[in-house]
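Shown next, in structure tokens, is the structure this report addresses.
The values are calculated or read from the model by the stated rules, or taken from the named source; none is laboratory data. This is a predicted model, so every value here is computed, not measured. Here the Cβ positions follow ideal geometry from the backbone for every residue, glycine too, while neighbour counts run over all protein chains shown. Side chains are part of the model used for accessible areas, which takes the heavy atoms of the whole protein and leaves out ligands, DNA and RNA. Shrake-Rupley method; radii C 1.70, N 1.55, O 1.52, S 1.80 Å.
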Amino acid sequence: MTAPRRVCVTGAASGIGHAAADAFLANGHHVALVDRDESALTEAVERLTAEHGPGRALPYVVDIAVAGQVESLFARLAEDGGLDTLILAAGVTSDGFVSDMSEHDWSYILGVNLTGSFLCLKGAAPLLRRSSRGSVVAVGSVSAHVVGAGGGCAAYEASKAGLVQLVRAFAVENAPYGVRANVVSPGRTATRLGENTRRLAETVYTSADGPRRERHSFGAPLRFEGRPEEIAGAIHFLAGDDARFITGTELLVDGGYTAI
Ligand SMILES: NC(=O)c1ccc[n+]([C@@H]2O[C@H](COP(=O)([O-])OP(=O)(O)OC[C@H]3O[C@@H](n4cnc5c(N)ncnc54)[C@H](O)[C@@H]3O)[C@@H](O)[C@H]2O)c1
């Protein structure tokens, strides 16, 4: 086990973020759990504290799309001892064709997935630079690379493609300070958001033709959905010292989805 890290996980009340928080706690680290859903966050912290013991999982109710809230979050983390690792797992999706999408819906998705990530990176940068082993792992998506058959998810796809390049830029800018930054991009994973994607696939994608329809109907070559713990394992690896020579890259954890 490596020396305990001070970790901040956004989107930690549910799904992949929650599984990532669990993995860091299981390995002896301290975790600030960030989410805008206060009741789900309270439950998550109670559950993790019961499992891993008191004092290492702390809740922070924050909407990462609101600049003032994000600034306060990192000011509090600085006061509470600093930060070694930032995990950006908060994310939202929605459906809608570009031709029908309102600017409000577009801005909402981009506001959380891309601008919210930007705000967190900006707020965390000075703290990570002060750490001797600063690292960031952002949760991207296969949607950064592949458009769902039939379309209907453009804002999400654009936000995730932007996120990959944002993190790469952050990696280059912060390498002189010894801070690493990478992306883990999951394929379909069994979470609340994953369930929304599956519903969309049933309505929109079935009208599409060809190999992509096959892919959406039958899934990735491995033919099963990822579990949040499986994504968390990749996040934990990239955040830690075993990945000290890895920065500015993206790890696809998708059961082979993007290989076909
Ligand atoms: N589940 C999948 O199939 C899948 C696939 C690829 C990528 N992802 C990505 O994984 C990440 C985690 O998603 P998940 O599947 O665990 O979904 P989830 O809905 O289970 O969890 C997302 C969490 O983020 C929180 N959140 C949303 N907006 C927020 C905001 N503005 N501020 C603070 N918290 C906010 C939610 O309250 C929720 O607790 C997302 O970035 C998502 O895009 C998921």
Worksheet item: Among G140, G68, G148, which one moves the most in a GNM of the chain with springs linking Cα atoms closer than 10 Å?
Response: G68
Fill in: Cα-projected label distance for E79 with R223, points at 7 Å along beta-carbon direction, nm
5.6 nm
Worksheet item: Given a Förster radius of 25 Å and the C-beta distance between D242 and V146 as r, what FRET efficiency does 1/(1 + (r/R0)^6) yield to the nearest 0.05?
Response: 0.30
Response to the item:
Over the chain, the sum of -39500 (n - 2.57) across DSSP H runs of at least four, divided by residue number and rounded to 500 deg cm²/dmol, gives at 222 nm -14000 deg cm²/dmol
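With +1 on each Lys and Arg Cβ and -1 on each Asp and Glu Cβ, how big is the dipole of the chain about its Cα centre, in debye rounded to the nearest 20? Mind dumping the intermediate values first?
Working: 23 positive and 29 negative charges, 139 e Å.
Dipole about the Cα centre, nearest 20: 660 debye.
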Worksheet item: Which residue, chosen from T197, L163, Y108, occupies the Cα position most advanced towards the positive end of the dipole of the chain, where the dipole is computed from +1 (Lys, Arg) and -1 (Asp, Glu) charges on Cβ about the Cα centre?
Response: L163
Discussion item. Contact order normalised by length for the chain, with contacts defined as Cα pairs under 8 Å and 6 or more residues apart; what percent is it?
Written reply: 20 percent
Worksheet item: What does the accessible area per residue of the range 6-253 come to in Å², with a 1.4 Å probe and no ligands, DNA or RNA counted?
Response: 46 Å²
Practice prompt. Have a look at V34, V66, V45 and tell me which one the Gaussian network model of the chain (Cα, springs below 10 Å) gives the largest fluctuation.
Written response: V66
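If I compute solvent accessible area with a 1.4 Å probe over the protein chains, what percent of it on the range 6-253 is carbon and sulfur? Working shown, then result.
Values: 6100 of 11350 Å².
The computed percentage sits at 54.
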Response to the item:
Share of Cα-Cα pairs in the range 52-174 beyond 26 Å, whole percent, is 28 percent
Practice prompt. First measure r as the distance between the Cβ atoms of E38 and A175, then evaluate 1/(1 + (r/R0)^6) with R0 = 45 Å and state the FRET efficiency to the nearest 0.05.
Written response: 0.80
Worksheet item: Could you work out Rg/(2.2 N^0.38 Å) for the chain, with Rg from alpha carbons only?
Response: 0.97
Practice prompt. Please report the relative contact order for the range 25-80, taking Cα pairs under 8 Å with a sequence separation of at least 6, and give it as a percent rounded to a whole number.
Written response: 36 percent
Item to complete: With label points built 7 Å along Cα→Cβ from the Cα atoms of A67 and A259, find their separation and express it in nm.
Response: 4.4 nm
Worksheet entry | Gain on full stretching of the segment that runs from E195 to M101 - 0.36 nm per residue minus C-alpha separation | 31.7 nm
